[in-house]
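Worksheet for the structure shown next.
The values are calculated or read from the model by the stated rules, or taken from the named source; none is laboratory data. Because the structure is predicted, anything quoted here is derived from the model rather than measured. Note that each Cβ is placed from the backbone with ideal geometry, even for glycine, and that neighbours are counted across all protein chains shown. Surface accessibility is based on the protein's heavy atoms, side chains included, excluding ligands, DNA and RNA. Shrake-Rupley method; radii C 1.70, N 1.55, O 1.52, S 1.80 Å.
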Amino acid sequence: LGGVAGVNRGTITGCAFQGVVRGGGAAGGIAGVNEASGQIVLCTAGGIVSGGYSTGGIAGENYGGLSQCTNRALVNTQEADASPELDGIDWGNLNSTRNFPACTDTGGIAGYSKGSIQNCVNQGRVGYPHTGYNVGGIAGRQAGYLSGCVNEELVRGRKDVGGIVGQMEPYTL
């Protein structure tokens, strides 16, 4: 779910979104998912973005490129119920972060990124106190390339919380 596109496989440039995006997962102010062929350049998001996992001010999940974007949206700043329901658990993937609605992989620019994030700025609050795993001012969880990014706002969470990246996993496939 995204403010401009649910899934981006092309180029989004110079766009702005101001509003509310609320999704279960892969929620972003500009795009829910930015695919490997996707580029988001010089875009700005504002308002409120919230989701259970992979939630970002610009892109919920990034596999392509995010460049020179600015987030001013509040990202997962509301308290979330982190109690798992047994009938909602994917028993085949017990180690998946998607099994527990605890605001996992939350970032000012991207919630989860295996792509490239360059020269982006976060100016919106990210996370909620004592709630959420892998929470970062730029990326919640980063397994790709990150360069020249700046976080200018407060970042809060429960575990693996960072001003730039909550959890850096450079060897994730």
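Of the residues that sit in the stretch 74-127 and are open to solvent by 30 Å² or more (accessible area, probe 1.4 Å) and at pLDDT 95 or above, which one is nearest to A27 (Cα to Cα)?
If we take residues in the stretch 74-127 being open to solvent by 30 Å² or more (accessible area, probe 1.4 Å) and at pLDDT 95 or above, then L74 is nearest to A27 (Cα to Cα).
Out of all the residues in the stretch 1-50, which are assigned to a loop (DSSP other than H, G, I, E, B), modelled with pLDDT of 95 or more, open to solvent by 10 Å² or more (accessible area, probe 1.4 Å) and among the small types (G, A, S)?
The answer is G3, G10, G14, A36, S37.
Look through the stretch 52-63, keep the residues that are open to solvent by 10 Å² or more (accessible area, probe 1.4 Å) and assigned to a loop (DSSP other than H, G, I, E, B), and return whichever of them is farthest from V121 (Cα to Cα).
First, pick out the residues of the stretch 52-63 that are open to solvent by 10 Å² or more (accessible area, probe 1.4 Å): 52-53, 61, 63.
This time we only want the ones that are assigned to a loop (DSSP other than H, G, I, E, B), so: 52, 63.
Numbers: G52: 23, Y63: 19 Å.
Taking the candidates together, the pick is G52.
With the requirement that a residue be among the hydrophobic types (A, V, I, L, M, F, W, C), within 9 Å of the chain's Cα centre (by Cα) and part of a strand (DSSP E or B), what does the stretch 99-151 give you?
So in the stretch 99-151, the residues among the hydrophobic types (A, V, I, L, M, F, W, C) come out as 100, 102-103, 109-110, 117, 120-121, 126, 135, 138-139, 143, 146, 149-150.
Narrowing the set further to residues that are within 9 Å of the chain's Cα centre (by Cα) leaves 109-110, 135, 138-139.
If the condition is that a residue be among the hydrophobic types (A, V, I, L, M, F, W, C), within 9 Å of the chain's Cα centre (by Cα) and part of a strand (DSSP E or B), then A110, V135, A139 are the ones that fit.
From the list V165, V161, V150, which residue is more than 24 Å from E35 (Cβ to Cβ) and crowded, with 21+ Cβ neighbours inside 10 Å? Walk me through how you get there before you give the answer.
Details: V165 fails: more than 24 Å from E35 (Cβ to Cβ); V150 fails: crowded, with 21+ Cβ neighbours inside 10 Å.
Testing whether each residue is more than 24 Å from E35 (Cβ to Cβ) and crowded, with 21+ Cβ neighbours inside 10 Å leaves just V161.
Which members of the stretch 130-145 meet the condition of being within 19 Å of T104 (Cβ to Cβ) and either of a type in the set (G, A, S) or open to solvent by 30 Å² or more (accessible area, probe 1.4 Å) (or both)?
Taking the stretch 130-145 and keeping what is within 19 Å of T104 (Cβ to Cβ), we get 130-144.
If the condition is that a residue be within 19 Å of T104 (Cβ to Cβ) and either of a type in the set (G, A, S) or open to solvent by 30 Å² or more (accessible area, probe 1.4 Å) (or both), then H130, G132, Y133, G136, G137, A139, G140, R141, A143, G144 are the ones that fit.
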